[in-house]
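The values are calculated or read from the model by the stated rules, or taken from the named source; none is laboratory data. This is a predicted model, so every value here is computed, not measured. Don't worry about glycine lacking a Cβ; one is built from the backbone with ideal geometry, like all the others, and counts go over all protein chains shown.
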Amino acid sequence: MNIDDKPHEECGIVGAFIPGESVARTAFFGLFALQHRGQESAGIATSEGDEIRLKARMGLVSQVFHEETLAGLPGHLGIGHTRYSTMGGSKEYNAQPLIANGQRGQIAVGHNGNVINAAELRVEMTEEFGSTFEKTSDTEVIAELFAKAPGSDWFEVSAYAMRRLKGAYSLVIMTKDQLIAVRDPLGIRPLCLGTLNGGWVVASETAALDNLGAEFVREFENGETVLIDKNGIRSRIWASARTTHAMCVFEQIYFARPDSILNGELAYETRQRLGAEVYREHPVDADIVVGIPDSSTPHAVGLAAEAKIPYTEAIIRNRYVGRTFIQPDQRSRAQGVQTKFNPMRGVISGKRILVVDDSVVRSTTITRVIKMLRRAGAKEIHVRVASPPIKSTCHFGVDMATLNELIAANKTVAEITEYIDADSLAYLSVKGLLRAVRAPENSYCTGCFTGNYPIPVQLEMNKMRFELASNT
Ligand code: SF4
(Lines give C-alpha, C1' and ligand atoms only; values in the text may rest on other atoms or scores of the structure.)
Protein backbone atom coordinates (compact mmCIF):
# COMPACT_ATOMS: atom_id res chain seq x y z
CA MET A 1 0.00 0.00 0.00
CA ASN A 2 0.98 3.61 -0.32
CA ILE A 3 2.18 5.25 2.86
CA ASP A 4 0.84 8.68 2.03
CA ASP A 5 -2.59 10.07 2.84
CA LYS A 6 -3.73 10.77 -0.69
CA PRO A 7 -6.38 9.36 -2.95
CA HIS A 8 -4.69 6.80 -5.13
CA GLU A 9 -4.76 7.23 -8.83
CA GLU A 10 -5.89 4.60 -11.16
CA CYS A 11 -3.56 3.88 -14.05
CA GLY A 12 -1.41 5.33 -16.81
CA ILE A 13 -1.65 4.31 -20.45
CA VAL A 14 0.43 4.85 -23.59
CA GLY A 15 0.15 3.73 -27.19
CA ALA A 16 2.47 4.17 -30.16
CA PHE A 17 2.34 3.54 -33.89
CA ILE A 18 5.65 4.57 -35.43
CA PRO A 19 6.50 2.88 -38.77
CA GLY A 20 10.12 1.74 -38.94
CA GLU A 21 10.71 2.01 -35.20
CA SER A 22 10.68 -0.41 -32.32
CA VAL A 23 8.13 1.10 -29.96
CA ALA A 24 8.71 -1.07 -26.88
CA ARG A 25 11.21 1.57 -25.68
CA THR A 26 8.72 4.35 -26.46
CA ALA A 27 6.11 2.54 -24.37
CA PHE A 28 8.65 1.97 -21.60
CA PHE A 29 9.68 5.63 -21.33
CA GLY A 30 6.07 6.75 -21.68
CA LEU A 31 5.09 4.51 -18.78
CA PHE A 32 8.13 5.65 -16.82
CA ALA A 33 6.81 9.23 -17.09
CA LEU A 34 3.40 8.02 -15.91
CA GLN A 35 4.65 5.95 -12.98
CA HIS A 36 2.87 8.27 -10.52
CA ARG A 37 -0.47 7.03 -11.89
CA GLY A 38 0.07 3.45 -10.75
CA GLN A 39 2.86 1.48 -9.15
CA GLU A 40 1.52 -2.02 -8.71
CA SER A 41 2.06 -3.55 -12.12
CA ALA A 42 3.35 -2.63 -15.55
CA GLY A 43 2.86 -4.14 -18.97
CA ILE A 44 3.68 -3.61 -22.63
CA ALA A 45 2.21 -5.34 -25.70
CA THR A 46 3.72 -4.91 -29.17
CA SER A 47 3.29 -6.21 -32.69
CA GLU A 48 5.28 -6.21 -35.91
CA GLY A 49 2.06 -6.74 -37.83
CA ASP A 50 1.90 -10.49 -37.34
CA GLU A 51 1.03 -11.24 -33.70
CA ILE A 52 0.69 -9.53 -30.33
CA ARG A 53 3.51 -10.13 -27.86
CA LEU A 54 2.93 -9.21 -24.23
CA LYS A 55 4.82 -8.80 -21.00
CA ALA A 56 2.97 -7.69 -17.89
CA ARG A 57 4.09 -8.21 -14.30
CA MET A 58 3.74 -6.87 -10.79
CA GLY A 59 6.19 -4.10 -9.94
CA LEU A 60 7.37 -0.69 -11.03
CA VAL A 61 8.01 -0.06 -14.72
CA SER A 62 11.78 -0.20 -14.17
CA GLN A 63 11.47 -3.46 -12.23
CA VAL A 64 9.34 -5.20 -14.84
CA PHE A 65 11.33 -4.17 -17.95
CA HIS A 66 15.00 -4.53 -18.79
CA GLU A 67 16.93 -4.42 -22.05
CA GLU A 68 16.32 -8.14 -22.65
CA THR A 69 12.58 -7.96 -22.00
CA LEU A 70 12.23 -4.97 -24.32
CA ALA A 71 14.24 -6.81 -26.99
CA GLY A 72 11.64 -9.59 -26.78
CA LEU A 73 8.90 -7.09 -27.69
CA PRO A 74 9.59 -6.13 -31.32
CA GLY A 75 7.31 -4.04 -33.50
CA HIS A 76 6.30 -0.58 -34.63
CA LEU A 77 2.93 -0.81 -32.83
CA GLY A 78 2.47 -1.11 -29.09
CA ILE A 79 0.56 -0.17 -25.97
CA GLY A 80 1.64 0.09 -22.34
CA HIS A 81 -0.04 0.23 -18.98
CA THR A 82 0.88 0.92 -15.38
CA ARG A 83 -1.67 -0.01 -12.77
CA TYR A 84 -3.00 0.80 -9.37
CA SER A 85 -5.86 -1.58 -8.66
CA THR A 86 -9.13 0.33 -8.62
CA MET A 87 -11.24 -2.74 -9.27
CA GLY A 88 -9.96 -6.25 -8.79
CA GLY A 89 -7.15 -7.21 -6.46
CA SER A 90 -3.49 -6.38 -6.73
CA LYS A 91 -2.71 -9.65 -8.50
CA GLU A 92 -0.51 -10.51 -11.44
CA TYR A 93 -3.45 -11.91 -13.40
CA ASN A 94 -5.01 -8.45 -13.34
CA ALA A 95 -1.86 -6.79 -14.70
CA GLN A 96 -2.51 -5.10 -18.06
CA PRO A 97 -2.60 -4.98 -21.05
CA LEU A 98 -5.16 -7.77 -21.12
CA ILE A 99 -5.71 -9.99 -24.14
CA ALA A 100 -9.13 -10.87 -25.55
CA ASN A 101 -10.22 -12.77 -28.66
CA GLY A 102 -13.18 -12.22 -30.94
CA GLN A 103 -14.35 -12.21 -34.54
CA ARG A 104 -11.84 -9.46 -35.42
CA GLY A 105 -8.95 -11.49 -34.01
CA GLN A 106 -6.86 -10.90 -30.93
CA ILE A 107 -6.76 -7.56 -29.14
CA ALA A 108 -4.74 -6.19 -26.21
CA VAL A 109 -6.32 -3.55 -23.96
CA GLY A 110 -4.98 -1.05 -21.40
CA HIS A 111 -7.52 0.88 -19.32
CA ASN A 112 -7.48 3.92 -17.04
CA GLY A 113 -10.65 4.53 -15.05
CA ASN A 114 -13.44 2.50 -13.58
CA VAL A 115 -16.54 1.05 -15.20
CA ILE A 116 -19.36 1.06 -12.68
CA ASN A 117 -21.67 -1.42 -14.43
CA ALA A 118 -18.98 -4.08 -14.96
CA ALA A 119 -20.77 -6.64 -12.76
CA GLU A 120 -24.02 -6.31 -14.72
CA LEU A 121 -22.15 -6.47 -18.03
CA ARG A 122 -20.40 -9.68 -16.98
CA VAL A 123 -23.76 -11.36 -16.51
CA GLU A 124 -25.22 -9.95 -19.73
CA MET A 125 -22.17 -10.81 -21.82
CA THR A 126 -22.04 -14.35 -20.47
CA GLU A 127 -25.56 -14.82 -21.88
CA GLU A 128 -25.20 -12.79 -25.08
CA PHE A 129 -21.70 -13.72 -26.24
CA GLY A 130 -21.01 -16.84 -24.18
CA SER A 131 -18.18 -14.91 -22.55
CA THR A 132 -16.24 -16.47 -19.71
CA PHE A 133 -14.36 -14.31 -17.25
CA GLU A 134 -11.17 -15.47 -15.58
CA LYS A 135 -9.87 -12.30 -14.04
CA THR A 136 -11.40 -9.90 -11.54
CA SER A 137 -10.99 -6.47 -13.10
CA ASP A 138 -13.48 -4.34 -14.99
CA THR A 139 -10.87 -4.13 -17.77
CA GLU A 140 -11.55 -7.78 -18.62
CA VAL A 141 -15.17 -6.80 -19.26
CA ILE A 142 -14.08 -3.90 -21.49
CA ALA A 143 -11.63 -6.10 -23.42
CA GLU A 144 -14.25 -8.79 -23.93
CA LEU A 145 -16.82 -6.20 -25.03
CA PHE A 146 -14.47 -4.70 -27.65
CA ALA A 147 -13.50 -8.21 -28.83
CA LYS A 148 -17.07 -9.49 -29.14
CA ALA A 149 -19.12 -6.38 -29.98
CA PRO A 150 -20.89 -6.29 -33.33
CA GLY A 151 -19.71 -3.71 -35.86
CA SER A 152 -18.16 -3.54 -39.30
CA ASP A 153 -15.27 -1.31 -38.20
CA TRP A 154 -13.66 -0.14 -34.98
CA PHE A 155 -15.73 3.05 -34.87
CA GLU A 156 -18.94 1.02 -34.84
CA VAL A 157 -17.49 -1.32 -32.24
CA SER A 158 -16.45 1.62 -30.08
CA ALA A 159 -19.88 3.29 -30.40
CA TYR A 160 -21.51 0.01 -29.37
CA ALA A 161 -19.19 -0.28 -26.36
CA MET A 162 -19.84 3.35 -25.37
CA ARG A 163 -23.57 2.68 -25.34
CA ARG A 164 -23.06 -0.16 -22.86
CA LEU A 165 -20.19 0.95 -20.65
CA LYS A 166 -20.97 3.31 -17.77
CA GLY A 167 -18.21 5.15 -16.00
CA ALA A 168 -14.67 6.24 -16.66
CA TYR A 169 -12.48 4.73 -19.34
CA SER A 170 -9.57 6.03 -21.29
CA LEU A 171 -8.36 3.09 -23.39
CA VAL A 172 -5.50 2.00 -25.57
CA ILE A 173 -6.36 -1.04 -27.67
CA MET A 174 -4.26 -2.81 -30.28
CA THR A 175 -4.81 -5.49 -32.84
CA LYS A 176 -1.83 -7.01 -34.61
CA ASP A 177 -1.78 -4.06 -37.01
CA GLN A 178 -3.93 -1.23 -35.62
CA LEU A 179 -3.87 1.12 -32.64
CA ILE A 180 -7.20 2.31 -31.24
CA ALA A 181 -7.51 4.91 -28.47
CA VAL A 182 -10.77 5.84 -26.77
CA ARG A 183 -11.87 8.47 -24.24
CA ASP A 184 -15.19 7.90 -22.50
CA PRO A 185 -18.22 10.08 -23.35
CA LEU A 186 -17.83 12.10 -20.13
CA GLY A 187 -14.08 12.60 -20.57
CA ILE A 188 -13.47 11.65 -16.92
CA ARG A 189 -9.87 10.51 -17.38
CA PRO A 190 -7.40 12.44 -19.50
CA LEU A 191 -5.92 11.24 -22.80
CA CYS A 192 -3.79 13.10 -25.30
CA LEU A 193 -2.34 12.69 -28.77
CA GLY A 194 1.09 13.52 -30.09
CA THR A 195 3.40 12.93 -33.03
CA LEU A 196 6.83 11.34 -32.85
CA ASN A 197 9.30 10.48 -35.59
CA GLY A 198 6.68 10.38 -38.31
CA GLY A 199 4.28 8.29 -36.21
CA TRP A 200 1.69 8.76 -33.48
CA VAL A 201 1.68 8.42 -29.73
CA VAL A 202 -1.17 8.61 -27.23
CA ALA A 203 -0.73 8.93 -23.49
CA SER A 204 -2.67 9.67 -20.31
CA GLU A 205 -0.76 12.91 -19.83
CA THR A 206 1.12 15.41 -21.94
CA ALA A 207 4.15 15.13 -19.62
CA ALA A 208 4.69 11.64 -21.06
CA LEU A 209 4.70 13.11 -24.58
CA ASP A 210 7.23 15.73 -23.45
CA ASN A 211 9.48 13.08 -21.95
CA LEU A 212 9.36 11.10 -25.19
CA GLY A 213 10.28 14.15 -27.23
CA ALA A 214 6.89 13.94 -28.97
CA GLU A 215 4.97 16.95 -30.16
CA PHE A 216 1.69 17.47 -28.33
CA VAL A 217 -1.16 17.68 -30.85
CA ARG A 218 -4.28 17.85 -28.67
CA GLU A 219 -6.30 16.31 -25.87
CA PHE A 220 -8.95 13.77 -26.85
CA GLU A 221 -12.54 14.92 -27.02
CA ASN A 222 -15.23 13.24 -24.92
CA GLY A 223 -16.43 10.06 -26.58
CA GLU A 224 -13.65 10.18 -29.18
CA THR A 225 -12.21 7.10 -30.86
CA VAL A 226 -8.95 7.43 -32.76
CA LEU A 227 -7.80 4.69 -35.12
CA ILE A 228 -4.20 4.60 -36.35
CA ASP A 229 -2.89 2.11 -38.89
CA LYS A 230 -0.87 1.96 -42.12
CA ASN A 231 -3.53 4.14 -43.80
CA GLY A 232 -2.96 6.99 -41.33
CA ILE A 233 -5.07 8.41 -38.54
CA ARG A 234 -8.87 8.70 -38.37
CA SER A 235 -11.10 9.93 -35.59
CA ARG A 236 -14.77 9.82 -34.75
CA ILE A 237 -16.74 11.24 -31.87
CA TRP A 238 -19.65 9.23 -30.55
CA ALA A 239 -22.83 11.09 -31.43
CA SER A 240 -24.25 10.83 -27.90
CA ALA A 241 -21.12 12.09 -26.13
CA ARG A 242 -21.55 15.19 -23.98
CA THR A 243 -20.22 18.44 -25.29
CA THR A 244 -19.04 19.50 -21.83
CA HIS A 245 -16.38 17.61 -19.91
CA ALA A 246 -16.94 15.85 -16.63
CA MET A 247 -13.22 15.44 -16.15
CA CYS A 248 -12.11 14.41 -12.68
CA VAL A 249 -11.25 17.64 -10.90
CA PHE A 250 -8.75 15.72 -8.77
CA GLU A 251 -6.57 15.40 -11.87
CA GLN A 252 -6.18 19.17 -11.59
CA ILE A 253 -5.68 19.19 -7.82
CA TYR A 254 -3.29 16.30 -7.33
CA PHE A 255 -3.23 13.32 -9.70
CA ALA A 256 -1.74 14.56 -12.92
CA ARG A 257 1.86 15.71 -13.03
CA PRO A 258 2.14 19.48 -12.55
CA ASP A 259 3.90 19.68 -15.91
CA SER A 260 0.94 18.17 -17.77
CA ILE A 261 -1.65 20.15 -19.70
CA LEU A 262 -5.23 19.41 -18.69
CA ASN A 263 -8.21 21.04 -20.35
CA GLY A 264 -5.82 23.32 -22.18
CA GLU A 265 -3.94 24.59 -19.11
CA LEU A 266 -0.74 23.68 -17.33
CA ALA A 267 -1.67 21.84 -14.11
CA TYR A 268 1.09 23.72 -12.24
CA GLU A 269 -0.59 27.06 -12.96
CA THR A 270 -4.03 25.72 -12.08
CA ARG A 271 -2.61 24.53 -8.76
CA GLN A 272 -1.12 27.96 -8.07
CA ARG A 273 -4.60 29.42 -8.60
CA LEU A 274 -6.07 26.86 -6.16
CA GLY A 275 -3.59 28.04 -3.52
CA ALA A 276 -4.28 31.72 -4.20
CA GLU A 277 -8.03 31.11 -4.07
CA VAL A 278 -8.03 29.40 -0.67
CA TYR A 279 -5.99 32.28 0.75
CA ARG A 280 -8.43 34.83 -0.68
CA GLU A 281 -11.27 32.92 0.97
CA HIS A 282 -9.46 32.37 4.28
CA PRO A 283 -6.64 34.89 4.86
CA VAL A 284 -4.44 34.63 7.95
CA ASP A 285 -1.25 36.30 9.20
CA ALA A 286 1.89 34.19 9.15
CA ASP A 287 5.68 34.50 8.81
CA ILE A 288 6.24 31.80 6.22
CA VAL A 289 4.23 29.64 3.80
CA VAL A 290 5.19 25.97 3.69
CA GLY A 291 3.87 23.36 1.26
CA ILE A 292 3.76 19.68 2.10
CA PRO A 293 6.24 18.38 -0.46
CA ASP A 294 6.15 17.62 -3.27
CA SER A 295 2.54 17.57 -4.37
CA SER A 296 1.46 20.74 -2.53
CA THR A 297 4.37 22.90 -3.70
CA PRO A 298 2.55 24.63 -6.61
CA HIS A 299 -0.46 25.37 -4.37
CA ALA A 300 1.84 26.81 -1.68
CA VAL A 301 3.72 28.93 -4.22
CA GLY A 302 0.42 30.36 -5.50
CA LEU A 303 -0.87 31.00 -1.99
CA ALA A 304 2.38 32.69 -0.92
CA ALA A 305 2.26 35.04 -3.91
CA GLU A 306 -1.35 35.97 -3.15
CA ALA A 307 -0.64 36.41 0.58
CA LYS A 308 2.67 38.24 0.01
CA ILE A 309 4.22 35.96 2.62
CA PRO A 310 7.54 34.27 1.76
CA TYR A 311 7.28 30.71 0.45
CA THR A 312 9.86 28.65 2.33
CA GLU A 313 11.04 25.06 2.17
CA ALA A 314 10.81 23.89 5.76
CA ILE A 315 10.14 20.20 5.33
CA ILE A 316 12.50 18.04 3.33
CA ARG A 317 11.09 14.98 1.67
CA ASN A 318 13.12 11.82 1.29
CA ARG A 319 12.89 11.45 -2.47
CA TYR A 320 13.59 7.75 -2.29
CA VAL A 321 10.60 6.88 -0.16
CA GLY A 322 8.10 5.64 -2.65
CA ARG A 323 5.98 2.67 -2.26
CA THR A 324 6.28 0.49 0.80
CA PHE A 325 4.29 -2.70 1.05
CA ILE A 326 3.37 -2.48 4.69
CA GLN A 327 0.24 -3.37 6.59
CA PRO A 328 -2.69 -1.08 5.85
CA ASP A 329 -3.36 0.18 9.36
CA GLN A 330 -3.17 3.67 10.82
CA ARG A 331 0.02 2.99 12.76
CA SER A 332 1.96 1.91 9.70
CA ARG A 333 0.76 4.93 7.77
CA ALA A 334 1.88 7.27 10.53
CA GLN A 335 5.31 5.64 10.58
CA GLY A 336 5.52 6.08 6.83
CA VAL A 337 5.01 9.82 7.10
CA GLN A 338 7.86 10.03 9.61
CA THR A 339 10.24 8.25 7.26
CA LYS A 340 9.18 10.51 4.44
CA PHE A 341 9.56 14.02 5.91
CA ASN A 342 12.18 15.82 7.95
CA PRO A 343 11.45 19.33 9.28
CA MET A 344 14.27 21.92 9.47
CA ARG A 345 14.25 23.35 12.99
CA GLY A 346 16.34 26.39 12.06
CA VAL A 347 13.74 27.50 9.52
CA ILE A 348 10.71 26.67 11.65
CA SER A 349 11.55 27.62 15.23
CA GLY A 350 9.63 30.62 16.59
CA LYS A 351 7.68 31.17 13.35
CA ARG A 352 3.99 31.44 12.56
CA ILE A 353 3.62 28.86 9.80
CA LEU A 354 0.99 28.67 7.12
CA VAL A 355 0.99 25.06 5.94
CA VAL A 356 -0.57 24.29 2.56
CA ASP A 357 -1.86 20.83 1.68
CA ASP A 358 -3.42 20.03 -1.70
CA SER A 359 -5.97 17.65 -0.17
CA VAL A 360 -6.73 15.79 3.05
CA VAL A 361 -8.14 12.26 2.98
CA ARG A 362 -7.77 10.59 6.37
CA SER A 363 -5.62 13.37 7.89
CA THR A 364 -2.70 11.07 8.70
CA THR A 365 -0.13 13.19 6.88
CA ILE A 366 -1.23 16.60 8.07
CA THR A 367 -1.48 15.40 11.69
CA ARG A 368 2.09 14.08 11.61
CA VAL A 369 3.38 17.15 9.85
CA ILE A 370 1.85 19.43 12.49
CA LYS A 371 3.39 17.32 15.24
CA MET A 372 6.78 17.60 13.52
CA LEU A 373 6.45 21.37 13.12
CA ARG A 374 5.48 21.80 16.78
CA ARG A 375 8.47 19.70 17.87
CA ALA A 376 10.64 21.89 15.65
CA GLY A 377 9.46 24.98 17.59
CA ALA A 378 6.70 26.46 15.39
CA LYS A 379 4.89 29.29 17.21
CA GLU A 380 1.58 28.96 15.36
CA ILE A 381 0.40 26.54 12.68
CA HIS A 382 -2.36 27.52 10.27
CA VAL A 383 -3.46 24.98 7.69
CA ARG A 384 -5.04 25.84 4.34
CA VAL A 385 -6.24 22.99 2.15
CA ALA A 386 -6.31 23.88 -1.55
CA SER A 387 -9.38 21.71 -2.23
CA PRO A 388 -12.76 21.26 -0.50
CA PRO A 389 -13.39 18.66 2.23
CA ILE A 390 -13.59 15.13 0.75
CA LYS A 391 -16.96 13.84 1.88
CA SER A 392 -17.71 11.00 -0.54
CA THR A 393 -15.85 8.15 -2.15
CA CYS A 394 -14.96 7.98 -5.83
CA HIS A 395 -16.59 5.58 -8.29
CA PHE A 396 -14.50 6.45 -11.32
CA GLY A 397 -11.13 4.88 -10.76
CA VAL A 398 -9.72 6.51 -7.66
CA ASP A 399 -9.11 4.77 -4.37
CA MET A 400 -10.39 7.27 -1.80
CA ALA A 401 -10.38 5.17 1.37
CA THR A 402 -13.75 4.16 2.79
CA LEU A 403 -16.41 6.58 3.91
CA ASN A 404 -15.58 5.77 7.54
CA GLU A 405 -11.96 6.75 6.98
CA LEU A 406 -12.64 10.08 5.26
CA ILE A 407 -12.14 12.59 8.04
CA ALA A 408 -14.30 15.30 6.49
CA ALA A 409 -17.18 12.86 6.08
CA ASN A 410 -17.17 12.25 9.80
CA LYS A 411 -16.05 15.47 11.49
CA THR A 412 -16.75 19.19 11.21
CA VAL A 413 -13.94 21.60 10.29
CA ALA A 414 -13.79 22.71 13.95
CA GLU A 415 -13.46 19.08 15.07
CA ILE A 416 -10.77 18.39 12.48
CA THR A 417 -8.85 21.50 13.56
CA GLU A 418 -8.75 20.16 17.09
CA TYR A 419 -8.01 16.61 15.97
CA ILE A 420 -4.99 17.58 13.87
CA ASP A 421 -3.90 20.13 16.52
CA ALA A 422 -3.78 23.17 14.20
CA ASP A 423 -4.26 26.77 15.34
CA SER A 424 -6.58 27.25 12.38
CA LEU A 425 -7.78 25.17 9.44
CA ALA A 426 -9.70 26.14 6.34
CA TYR A 427 -10.58 24.39 3.11
CA LEU A 428 -11.20 25.82 -0.33
CA SER A 429 -14.92 26.08 -1.15
CA VAL A 430 -16.42 24.16 -4.08
CA LYS A 431 -17.15 27.52 -5.74
CA GLY A 432 -13.54 28.57 -5.23
CA LEU A 433 -12.38 25.27 -6.71
CA LEU A 434 -14.53 25.76 -9.81
CA ARG A 435 -13.27 29.34 -10.15
CA ALA A 436 -9.65 28.19 -9.95
CA VAL A 437 -10.07 25.45 -12.55
CA ARG A 438 -12.04 27.90 -14.71
CA ALA A 439 -15.28 25.91 -14.83
CA PRO A 440 -18.09 25.99 -15.95
CA GLU A 441 -16.79 26.57 -19.50
CA ASN A 442 -15.24 23.19 -18.90
CA SER A 443 -17.23 21.38 -16.27
CA TYR A 444 -15.76 18.76 -13.97
CA CYS A 445 -16.72 15.81 -11.84
CA THR A 446 -16.64 17.03 -8.24
CA GLY A 447 -18.33 13.93 -6.79
CA CYS A 448 -15.99 13.30 -3.87
CA PHE A 449 -16.52 16.89 -2.65
CA THR A 450 -20.20 17.36 -3.43
CA GLY A 451 -21.69 13.86 -3.64
CA ASN A 452 -22.97 14.86 -7.11
CA TYR A 453 -21.57 12.53 -9.73
CA PRO A 454 -21.88 13.02 -13.49
CA ILE A 455 -23.86 9.76 -13.72
CA PRO A 456 -25.85 7.91 -11.04
CA VAL A 457 -23.71 5.65 -8.86
CA GLN A 458 -24.25 3.11 -6.10
CA LEU A 459 -23.28 4.79 -2.87
CA GLU A 460 -20.68 2.36 -1.56
CA MET A 461 -18.63 0.36 -3.98
CA ASN A 462 -16.15 -2.33 -3.15
CA LYS A 463 -13.23 -2.60 -5.52
CA MET A 464 -12.77 -6.23 -4.52
CA ARG A 465 -16.33 -7.27 -5.29
CA PHE A 466 -15.45 -9.72 -8.06
CA GLU A 467 -12.95 -11.36 -5.72
CA LEU A 468 -15.53 -11.53 -2.95
CA ALA A 469 -18.10 -12.96 -5.32
CA SER A 470 -15.73 -15.67 -6.52
CA ASN A 471 -14.85 -16.58 -2.94
CA THR A 472 -18.41 -17.19 -1.86
S1 SF4 B 1 -15.38 11.54 -7.50
FE2 SF4 B 1 -13.59 12.85 -7.13
S3 SF4 B 1 -11.80 11.58 -7.58
FE4 SF4 B 1 -13.60 10.55 -8.45
S5 SF4 B 1 -13.71 11.25 -10.59
FE6 SF4 B 1 -15.01 12.63 -9.41
S7 SF4 B 1 -13.64 14.30 -8.80
FE8 SF4 B 1 -12.36 12.61 -9.46
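Has the stretch 267-287 got any residue that is away from the ligand (no atom under 15 Å from the Cβ) and either in a strand (DSSP E or B) or outside the structural domain of ASP357 (by TED's automatic domain parsing) (or both)?
no
Do you know which of the residues in the stretch 9-57 that are in contact with a Pro (Cβ under 7 Å, 6 or more places away or on another chain) and of a type in the set (Ser, Thr, Tyr) is modelled with the lowest pLDDT?
Looking at residues that are in contact with a Pro (Cβ under 7 Å, 6 or more places away or on another chain) and of a type in the set (Ser, Thr, Tyr), I get SER22.
Looking at (1) more than 19 Å from HIS8 (Cβ to Cβ); (2) buried (at least 17 other Cβ atoms within 10 Å of the Cβ); (3) aromatic (Phe, Trp, Tyr), find the lone condition where TYR419 falls short.
With respect to (1) more than 19 Å from HIS8 (Cβ to Cβ); (2) buried (at least 17 other Cβ atoms within 10 Å of the Cβ); (3) aromatic (Phe, Trp, Tyr), TYR419 is out only on (2).
Restricting the first residue to the stretch 91-112 and requiring it to be in the same structural domain as GLN39 (by TED's automatic domain parsing) and at positive phi, which pairs with a second residue that is charged (D, E, K, R) and at pLDDT 95 or above meet a Cβ separation below 8 Å and a spacing of at least six or different chains?
If the second residue must be charged (D, E, K, R) and at pLDDT 95 or above, the pairs left are GLY105/LYS176.
With respect to GLU120, is the statement that it is more than 17 Å from the chain's Cα centre (by Cα) and acidic (Asp, Glu) true? Working first, answer last.
Numbers: more than 17 Å from the chain's Cα centre (by Cα): yes; acidic (Asp, Glu): yes.
Answer is yes for this residue.
Would you mind telling me which numbered condition in (1) under 30 Å from ALA314 (Cα atoms); (2) in contact with a strand residue (DSSP E or B) (Cβ under 6 Å, 6 or more places away or on another chain) PHE396 fails?
The one condition PHE396 does not meet is (1).
Take the residues in the stretch 349-377 that are in contact with a helix residue (DSSP H, G or I) (Cβ under 8 Å, 6 or more places away or on another chain) and part of a loop (DSSP other than H, G, I, E, B), then tell me which one is farthest from the ligand (Cβ to nearest atom).
GLY377
Filter the stretch 378-427 for residues that are of a type in the set (D, E, K, R) and either part of a strand (DSSP E or B) or within 16 Å of the ligand (Cβ to nearest atom) (or both); which is modelled with the lowest pLDDT?
Quick first cut of the stretch 378-427, residues of a type in the set (D, E, K, R) only: 379-380, 384, 391, 399, 405, 411, 415, 418, 421, 423.
Retained after the next criterion (residues that are either part of a strand (DSSP E or B) or within 16 Å of the ligand (Cβ to nearest atom) (or both)): 380, 384, 391, 399, 405.
On the way: GLU380: 98, ARG384: 98, LYS391: 95, ASP399: 79, GLU405: 91.
Among residues in the stretch 378-427 that are of a type in the set (D, E, K, R) and either part of a strand (DSSP E or B) or within 16 Å of the ligand (Cβ to nearest atom) (or both), the one modelled with the lowest pLDDT is ASP399.
Do we have any residue at all in the stretch 289-300 that's surrounded by fewer than 20 Cβ atoms within 10 Å (Cβ to Cβ) and either at negative phi or at pLDDT 95 or above (or both)? Talk me through it step by step, then tell me what you get.
To start, the set of residues in the stretch 289-300 that are surrounded by fewer than 20 Cβ atoms within 10 Å (Cβ to Cβ) comprises 293-294.
Among the residues that remain, those that are also either at negative phi or at pLDDT 95 or above (or both) are: 293-294.
There is at least one residue in the stretch 289-300 that is surrounded by fewer than 20 Cβ atoms within 10 Å (Cβ to Cβ) and either at negative phi or at pLDDT 95 or above (or both).
Output the residues belonging to the stretch 148-186 that are touching a Pro at 6+ places or on another chain (Cβ under 6 Å) and in a loop (DSSP other than H, G, I, E, B).
Within the stretch 148-186, LEU186 is the sole residue that qualifies.
Within the stretch 228-245, is there a residue that is out of contact with any Cys (no Cβ under 9 Å at 6 or more places or on another chain), at pLDDT 95 or above and within 16 Å of the ligand (Cβ to nearest atom)?
no
Please count how many residues of the stretch 120-132 are in a loop (DSSP other than H, G, I, E, B) and either β-branched (Val, Ile, Thr) or in contact (Cβ under 8 Å) with a residue 60 or more places away in the chain (or both). It would help to see each step written out before you state the result.
Of the residues in the stretch 120-132, the ones in a loop (DSSP other than H, G, I, E, B) are 130-132.
With either β-branched (Val, Ile, Thr) or in contact (Cβ under 8 Å) with a residue 60 or more places away in the chain (or both) added as a condition, the list becomes 132.
So the answer is 1.
What are the residue pairs meeting all of these: first residue in the stretch 428-451, first residue at negative phi, second residue within 14 Å of the ligand (Cβ to nearest atom) and of a type in the set (D, E, K, R), Cβ atoms under 8 Å, and 6 or more apart or on different chains?
What qualifies is CYS448/LYS391; PHE449/LYS391; THR450/LYS391.
Regarding the stretch 434-454, can at least one residue be identified that is farther than 21 Å from TYR268 by Cα, more than 15 Å from the ligand (Cβ to nearest atom), in contact with a helix residue (DSSP H, G or I) (Cβ under 9 Å, 6 or more places away or on another chain) and in the same structural domain as ARG362 (by TED's automatic domain parsing)?
Checked against the condition, which is being farther than 21 Å from TYR268 by Cα, more than 15 Å from the ligand (Cβ to nearest atom), in contact with a helix residue (DSSP H, G or I) (Cβ under 9 Å, 6 or more places away or on another chain) and in the same structural domain as ARG362 (by TED's automatic domain parsing), the stretch 434-454 yields no hits at all.
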